[in-house]
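Enquirer: Once you've had a glance at the structure underneath, I'll fire off some questions.
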Amino acid sequence: MNIPDCVEFISGSAFMDCAGIEQIHLPQNMYAIADLAFHGCSQLQSICLPDSLQIIWNESFSGCESLKEIDIPSMVRCIDASAFMNCKNLERVSIPEGVSEINNYSFWGCDNLESVNIFCLVPPRIHDRTFSRYGILHVKKGYAKVYKKTKYWKKFNIIDDL
């Protein structure tokens, strides 16, 4: 599915429970994806988030069970509550340097999340219920000690290899 280039914002619940969507191509000028925009799109396998995206709101992609990996764009500063909750087949997520907060339940129920690549020099604020699984956390070289001292991040197996 291609979203037209003139669209800058996906409103709340816009594509909620559209089970037939497998791929989404978002325009490069999009700045926000609202609450529940793609919630329950159970067949969604691939989405390339635009570089212009600044925030991923509550439950934007929750329940997208077929999604396997996600790269958060560099302009995003906050991943809101439950943004990717219950993306049961999500295996890998990449978080850019500018993210300062990842809210409760953002990656809760992501049962297959094996690898998180995080490029932040300062660990983003997370909560005890941000992740339900703590696999391998890849951080920038020399930053493993910082993450190992940080509440909740230290639950991951931390490797400084980015």
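Laboratory data are not the source of any read-out in this text; all were calculated from the coordinates shown. Owing to the predicted nature of the structure, the values given are computational and were not obtained by experimental measurement. Note that each Cβ is placed from the backbone with ideal geometry, even for glycine, and that neighbours are counted across all protein chains shown.
Enquirer: Give, as a single signed number, the net charge of other residues whose beta carbon lies under 12 Å from the beta carbon of LEU26, with Lys and Arg counted +1 and Asp and Glu -1. Write down the numbers at each step before the final one.
Expert: Values: positive: none; negative: ASP5, GLU8, ASP51.
So the surrounding residues net to -3.
Enquirer: Please sort 101-110, 26-35 by packing, taking for each peptide the average over its residues of neighbouring beta carbons within 10 angstrom, highest first.
Expert: Working: 101-110: 21.3, 26-35: 17.0.
Ranked by mean Cβ neighbours within 10 Å, highest first: 101-110, 26-35.
Enquirer: Do me a favour and compute the ellipsoid semi-axes for the stretch 30-110 from its Cα gyration tensor, root of five times each eigenvalue, largest one first, whole Å.
Expert: Values: eigenvalues 61, 32, 29 Å².
So the three semi-axes of the stretch 30-110 are 18, 13, 12 Å.
Enquirer: Only four residue types carry charge here, +1 at the Cβ of Lys and Arg and -1 at the Cβ of Asp and Glu. Report the dipole size of the chain about the Cα centre in Debye, rounded to the nearest 20.
Expert: Approximately 1000 debye in magnitude.
Enquirer: Counting alpha carbon pairs within less than 8 Å and at least 6 residues apart, what relative contact order, in whole percent, applies to the chain?
Expert: Once normalised by length, the contact order is 14 percent.
Enquirer: Above 24 Å lies some portion of the pair distances; for the chain, what is it as a whole percent of all C-alpha pairs?
Expert: Working: 3619 of 13041 pairs.
Summing the P(r) tail past 24 Å for the chain gives 28 percent.
Enquirer: Right, something else. Give the residue from SER106, PHE131, ILE21 lying farthest towards the positive end of the charge dipole for the chain; charges sit on Cβ (+1 for Lys and Arg, -1 for Asp and Glu) and the dipole is referred to the Cα centre.
Expert: Of the options given, the answer is PHE131.
Enquirer: About the Cα centre of the stretch 94-162, how large is the charge dipole given +1 on each Lys and Arg Cβ and -1 on each Asp and Glu Cβ? Please answer in debye to the nearest 20. Please report the intermediate quantities before stating the final value.
Expert: On the way: 11 positive and 7 negative charges, 74 e Å.
Dipole size: approximately 360 debye.
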